[in-house]
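Report on the following structure.
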Amino acid sequence: MGSSEDTYEILVIGAGFSGIYALHNLRKKGFAVKVYEAGTYMGGTWYWNRYPGARVDTDNPIYQFNEEGLWDFAWTERFPAHPELQEYFRYLDDKLQLSKDIQYNTSVSAAQFDTARNQWQVKTDDGRVTWANHLFLCTGSTTTRYTPPFKGLDRFKGICHHSYVWPKDGVNFDGKRVAVIGTGASAVQIIQEIGSRVGHLTVYQRTPNLCLPMQQAKAADPSKAAWFPPKSKFPEIFGTARKSFSGLNFDWERKNAADVSPKERRALYESLYAHGGFAFWLANFQDMLFDKESNAYAYTFWAEKARARIHDSVKRDILTPLVAPHAIGIKRPCLEQTYYEVFNQSNVDLVNVRESPILEITEHGVRTENEGLVEVDIIVLATGFDSLTGSIKSMDIRNGKGESLRDMWKRNGTSTYLGLTTAGFPNLWYMYGPQAPTPLGNGPTIIEIQGEWLVELMVRMKDEKRRFVDAKKESEQGWTKEVWDAWEASLFPEADSWYQGANIPGKTREPLCYAGGYSKYEDLLKKIAAEGYKTFNLA
């Protein structure tokens, strides 16, 4: 641990994928970099999310860093699980000696820009002060957990955990009566993992999760070898990902759904469904997320496939309604393996909380309007996150005038330039944050797009001996309009999703995601750099 007032060229908050990318690539350029991480080790979402069944939703091999010297990690699954992802971070640490520049168990509470020094003064929970020329917030998109204010939750005498703060020693579900509240990504993975072990399971659903088939594959299975391409193919695979809408190694079918015959439409749907992963979401007809008719075709096919797997007609209509609850794909889909089959078990009940709200949590279980009290031993709160902005707003960040970023966003709505910074807050940078195409596909791809651009800017500033860079207000206003225009040209506004803050009561409903896609976003960043960063004030 350093002195009470250390100084760095760049201070990075968070040691997940984005923080590690920043550390590694800035160090290569000769910068003095330090990372502060609240956890006891690196990994970000893969440090904290250790609930049963936790698994990535992006294929091997693109859910890793695109750097040839880091391609010798031997993945065992197409969609790796939490333990293997932790192994990958240990591999990165051993290979790159990352931990020597990471301070663990360190939470940042506040940061203020000092105009006299052109530096950020950063305060940690334990009272230490650090100075940095630039502050990188790599705090993740889903790291500020949300728990609804259920009446009586604190009275429950059994075991209760939010999926994001799962105990390291795990929880024994064998033969237990379990309630899972929520059916988002974490819930889907938990339910299919514990379904065969519980004595009884009650799932409380607000909105159906329109899950897509994962189609998992294991490297040890010779018949699945195609999912584990040789390293010689990696440059081509990563190159495809960088040119795509979603940072994945496939892209839209360059046709509109209504322009082809029903037979051709069905053939594409069947192919994408069999491929698994996000193919049905992001390699579908190019207008699926932008045209209601196209989306309806896709939903009808999906519902047919999913409904065929659910035996009970009541559960079938709650989980996979014939009438879409919203357009398919305008929430990030969850990938499942046996999720729908769990509901065929006689010891699994499903409660639609839109029709039968949760009234209270008692000492012994969950009480709803229609079912009354269901007694349980364990409650799993899979109730989501204050996504994309929550982790940034959890810190008291102030500019040189003492203005609070949190208050500004609450008063005027979220406002960034390029999803990378905010005007009036010089030398402050976000990676994997709001108003970029962050959650539209593969995390490491967007991290590399943003990271490469930021490293290039840092090098230029250092070479030109510049200490101050701030987005022009008119640049920010132009970007905010671009974000809104792209959002409203799509079907995304229809859903009460975390993409627009609608999952958190009282949070402003606004686009927190740039719907123009990864490749268009990267082209824009390159254009700004090529034109000499004229949209910024550099001093």
- Take the Cα atoms of region 311-455, find their three principal axes, and give me the spread along each one in whole Å, biggest first. 59, 34, 28
- Item | 5 angstrom amide H check on Val12, placed H, neighbours 5+ away | Lys34, Val35, Tyr36, Phe136
- Note on the structure: Sorted by chain and then number, the residues having a modelled amide H within less than 5 Å of the amide H of Asp396, at least 5 places away or on another chain, are Ala110, Ala111
- Under 5 Å between amide H atoms, partner at least 5 residues away or on a different chain: which partners does Glu253 have, H built in plane at 1.01 Å? Asn284, Phe285, Gln286
- Note on the structure: Total charge of the residues flanking Val198 in space, meaning their Cβ is under 10 Å from its Cβ, with Lys and Arg +1 and Asp and Glu -1, is +1
- Task: Calculate one ³J(HN,Hα) per residue across region 9-23 by plugging θ = phi - 60° into the Karplus curve 6.51 cos²θ - 1.76 cosθ + 1.60, and present them in order as whole Hz with x for glycine and proline.
- Result: 5, 9, 10, 10, 9, x, 10, x, 4, 5, x, 5, 4, 4, 4
- Note on the structure: Here D for region 429-536, in µm²/s, from Stokes-Einstein with a Kirkwood Rh over Cα pairs at 4 °C and 1.567 mPa s, works out to 86
- HN-Hα couplings for region 355-365 via Karplus (6.51, -1.76, 1.60; θ = phi - 60°), in whole Hz with x for Gly/Pro, come out as 8, 9, x, 6, 8, 6, 9, 9, 4, 10, x
- Note on the structure: Too long for a 20 Å Cα-Cα cut-off, among Lys465/Lys534; Lys29/Lys465; Lys29/Lys401; Lys28/Lys100, are Lys29/Lys401
- Message: Under a crude label model (7 Å from the Cα following the beta-carbon direction), how far is Ser109 from Asp407 in nanometres?
- Response: 1.9
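Report in % the part of the accessible area of the chain that belongs to carbon and sulfur, leaving out ligands and nucleic acids; probe 1.4 Å.
Carbon-and-sulfur percentage of accessible area, whole number: 49.
In the chain, what % of DSSP beta bridges are antiparallel (nearest 5)? Show your work: numbers first, answer last.
Values: 25 of 67 bridges.
So the antiparallel bridges amount to about 35 percent of the total.
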- Answer with a single label: of [x] 60, 31, 23; [y] 47, 28, 21; [z] 37, 28, 23, which was calculated as semi-axes √(5λ) of the Cα gyration tensor in Å from the structure in view? [z]
- Message: Under a crude label model (7 Å from the Cα following the beta-carbon direction), how far is Asn118 from Thr40 in nanometres?
- Response: 4.2
- Note on the structure: In whole Hz, the Karplus estimates of ³J(HN,Hα) for region 526-537 (6.51, -1.76, 1.60; θ = phi - 60°; x where Gly or Pro) are 5, 5, 5, 5, 4, 8, x, 6, 5, 7, 10, 9
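With every protein chain present, what is the per residue accessible area of region 240-354 (1.4 Å probe, Å²)? Mind showing how you got there, number by number?
On the way: 4850 Å² over 115 residues.
Heavy-atom SASA per residue in region 240-354 reads 42 Å².
DSSP loop trypsin sites (Lys or Arg not before Pro) in region 216-257 with at most 11 other Cβ atoms within 10 Å of their Cβ, which ones?
Values: sites: Lys218, Lys224, Lys231, Lys233, Arg242, Lys243, Arg254, Lys255; in loops: Lys243, Arg254, Lys255.
Here the sparse-neighbourhood loop sites are Arg254.
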- Query: What accessible area per residue comes out for region 44-186, rounded to a whole number of Å², with a 1.4 Å probe?
  - Reply: 41
- Item | Among Thr183, His162, Gly152 the positive-end extreme of the charge dipole of region 107-184 (Cβ point charges) | Gly152
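The values are calculated or read from the model by the stated rules, or taken from the named source; none is laboratory data. All values derive from a computational prediction rather than experimental measurement. Glycine gets a Cβ as well: all are built from the backbone with ideal geometry, and neighbour counts include every protein chain shown. The accessibility values were calculated without ligands, DNA or RNA, using every heavy atom of the protein model including side chains. Shrake-Rupley method; radii C 1.70, N 1.55, O 1.52, S 1.80 Å.
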